[in-house]
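See structure below.
The values are calculated or read from the model by the stated rules, or taken from the named source; none is laboratory data. If you're wondering where the values come from, they're calculated on a predicted model, not measured in any experiment. We place every Cβ from the backbone using ideal geometry, glycine too, and count neighbours over all the protein chains shown.
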């Protein structure tokens, strides 16, 4: 209703749903905390950033799987943390899952993540400046490096295009590899977010290994050779769903 009407008010909603005005205010507070609405006097309105991001997530491959991963990652991030978020749809969904948090400092090279995070008035958002990659709305190159080298954050969150059988992380460009490396180097704890389709996926640029991350979040248990590598390392694996 917020997306359709743009502006909604408490009293008409209470009559429509046959509940108290207090119930409506509580529900609106939740929506506002998650970034899907913005409070106004007597009701709420649809913030443009949230509306734009809603359209972006429609039709994303493995959307439900990535949401499950994002929800689990968010449970590992306390309020008040500083968080660096890299490129990719899974880090974006992590940002979405964090919208109910409080007092986060968000550092990102993703315009999509910055717009989403800015809908939470309690977040402090810092974004890289420089050339924007049109296809995915990420700032890479020197602007990205300048941003992430200027801070030491509590948690850095990145994905990867693929994981080779020996645990090597793969991407489709040198810039994406560099982004992941710099975030890892400037984070006290590195989180790697992966869905099952990334294992054995062909991508041609090598950079880093799966066990470089302190925490690895997957929707299912990785292949046995990867699990063996993780078992012999200091990395911790969290399986967010293990259907089948």
### Summary
Out of (1) at pLDDT 70 or above; (2) outside the structural domain of residue 198 (by TED's automatic domain parsing); (3) surrounded by 12 or more Cβ atoms within 10 Å (Cβ to Cβ), the one residue 16 does not meet is (3)
### Message
For region 226-244: of the residues being surrounded by fewer than 13 Cβ atoms within 10 Å (Cβ to Cβ) and modelled with pLDDT under 95, which is farthest from residue 181 (Cα to Cα)?
### Response
244
### Message
Name the residue that is nearest to residue 36 (Cα to Cα), counting only residues in region 111-126 that are crowded, with 24+ Cβ neighbours inside 10 Å and touching a strand residue (DSSP E or B) at 6+ places or on another chain (Cβ under 6 Å).
### Response
117
### Task
Would you point out the residue of region 51-66, among those that are assigned to a helix (DSSP H, G or I) and surrounded by fewer than 19 Cβ atoms within 10 Å (Cβ to Cβ), that is modelled with the highest pLDDT?
64
### Message
Looking at 230, 226, 183 in this structure, which one is in contact (Cβ under 8 Å) with a residue 60 or more places away in the chain, assigned by TED's automatic domain parsing to the domain that holds residue 95, outside any strand (DSSP E or B) and over 21 Å from residue 75 (Cα atoms)?
### Response
226
### Task
Would you check if residue 129 is in contact with a helix residue (DSSP H, G or I) (Cβ under 6 Å, 6 or more places away or on another chain), modelled with pLDDT under 95, assigned to a loop (DSSP other than H, G, I, E, B) and surrounded by fewer than 19 Cβ atoms within 10 Å (Cβ to Cβ)?
yes
### Query
Somewhere in region 159-166, is a residue closer than 21 Å to residue 65 by Cβ and assigned to a helix (DSSP H, G or I)?
no
### Task
Take the residues in region 192-206 that are crowded, with 19+ Cβ neighbours inside 10 Å and in contact with a helix residue (DSSP H, G or I) (Cβ under 6 Å, 6 or more places away or on another chain), then tell me which one is nearest to residue 84 (Cα to Cα).
193
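Scanning region 76-97 for residues that are out of contact with any strand residue (DSSP E or B) (no Cβ under 8 Å at 6 or more places or on another chain) and modelled with pLDDT of 95 or more, which turns out nearest to residue 32 (Cα to Cα)?
Among those that are out of contact with any strand residue (DSSP E or B) (no Cβ under 8 Å at 6 or more places or on another chain) and modelled with pLDDT of 95 or more, it is 79.
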### Query
Of the residues that make up region 206-221, is at least one part of a helix (DSSP H, G or I), within 21 Å of residue 64 (Cβ to Cβ) and without any contact (Cβ under 8 Å) to a residue 40 or more places away in the chain?
no
### Message
Can you report the number of residues in region 163-191 which are within 18 Å of the chain's Cα centre (by Cα), farther than 20 Å from residue 139 by Cα and crowded, with 20+ Cβ neighbours inside 10 Å?
### Response
2
### Query
In region 98-121, is there at least one residue being at pLDDT below 95 and more than 17 Å from the chain's Cα centre (by Cα)?
yes
### Task
Report, by residue number, each residue of region 29-50 that is in a helix (DSSP H, G or I) and either at pLDDT 75 or above or over 20 Å from residue 94 (Cβ atoms) (or both).
29, 30, 31, 32, 48
